[in-house]
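The values are calculated or read from the model by the stated rules, or taken from the named source; none is laboratory data. The model shown is predicted, which means the values in this text are computed figures rather than measured ones. Counting neighbours? That spans all protein chains shown, and the Cβs are built from the backbone with ideal geometry, glycine included. Surface accessibility is based on the protein's heavy atoms, side chains included, excluding ligands, DNA and RNA. Shrake-Rupley method; radii C 1.70, N 1.55, O 1.52, S 1.80 Å.
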Amino acid sequence: RITGVMRPILADLPAGTPWRDESIFYDRHKGGVESGFRAVARALRARGPDLALVLPGSLSAAALAVRAGARRRVGFAGNWRRLLLADPLALPRERGRPRHLPPPLAYLRSGAAIGLPPQSPRLELATTPADDRRADAVLAAAFPGRDPGGRDPLVVLNDNSSNGSARAGGGD
């Protein structure tokens, strides 16, 4: 049984995926009665987890896995998390210093550590039929005359990153 723990704002994102059985919503910043640290830890502990794959690089995500009672806690050891992880993964080093991996590669390495088969780092977005219908309607309104079968190329650019390497630029 696979339980995904995520912020409520991301609830719709994995809706079209077949790889999880349920979701529990956790918001450490706004954490109300139902989505706060204690409530989520209690809900996870009730499920008796054998394994927690701790993907976020935060200390609180590792602490949540401990409080949930997961015997095996796998994740990267940065940010003081080593003591909270049963199976800490070493960050790659560059010039003697730890180097954080881009999230897709970190997630793939984390999955490999628990025995998942190798996968492509190519990101894919799963959609539901309702998502597809809404997207078709938006595209039809925005681009009248566009082939509804989607054979016309469509390029989307987003330069509105608030952090991370997507924001870096200039100089080249």
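Among all positions in the stretch 84-106, there is no residue which is open to solvent by 80 Å² or more (accessible area, probe 1.4 Å) and either closer than 27 Å to residue 15 by Cα or part of a helix (DSSP H, G or I) (or both). Taken over the stretch 32-50, the residue count meeting the criterion of being closer than 21 Å to residue 1 by Cβ, open to solvent by less than 70 Å² (accessible area, probe 1.4 Å) and modelled with pLDDT of 90 or more is 7. Of everything listed in (1) modelled with pLDDT under 95; (2) touching an Asp or Glu at 6+ places or on another chain (Cβ under 7 Å), the single unmet condition for residue 29 is (2). Of the residues 162, 120, the single one that is at pLDDT below 75, more than 17 Å from residue 16 (Cβ to Cβ), under 22 Å from the mean Cα position of the chain (by Cα) and open to solvent by less than 100 Å² (accessible area, probe 1.4 Å) is 162. Within the stretch 53-66, residues that are in contact (Cβ under 8 Å) with a residue 60 or more places away in the chain reach partners that are surrounded by fewer than 18 Cβ atoms within 10 Å (Cβ to Cβ) and not acidic (Asp, Glu) with beta carbons closer than 8 Å, at six or more positions or on different chains, in the pairs 53/111; 53/114.
With respect to residue 109, is the statement that it is at pLDDT below 90, more than 14 Å from residue 4 (Cα to Cα) and open to solvent by 40 Å² or more (accessible area, probe 1.4 Å) true?
On the way: at pLDDT below 90: no; more than 14 Å from residue 4 (Cα to Cα): yes; open to solvent by 40 Å² or more (accessible area, probe 1.4 Å): yes.
So residue 109 fails the test.
The test for being closer than 28 Å to residue 15 by Cα, open to solvent by less than 50 Å² (accessible area, probe 1.4 Å) and not polar (S, T, N, Q) does not hold for residue 141. Where strands (runs of 3 or more DSSP E) sit wholly within the stretch 7-77, those with at least 3 residues that are under 28 Å from residue 131 (Cβ atoms) occupy 22-25. Against the test of being in contact (Cβ under 8 Å) with a residue 24 or more places away in the chain and among the β-branched types (Val, Ile, Thr), the options 114, 24 yield a single qualifying residue, 114.
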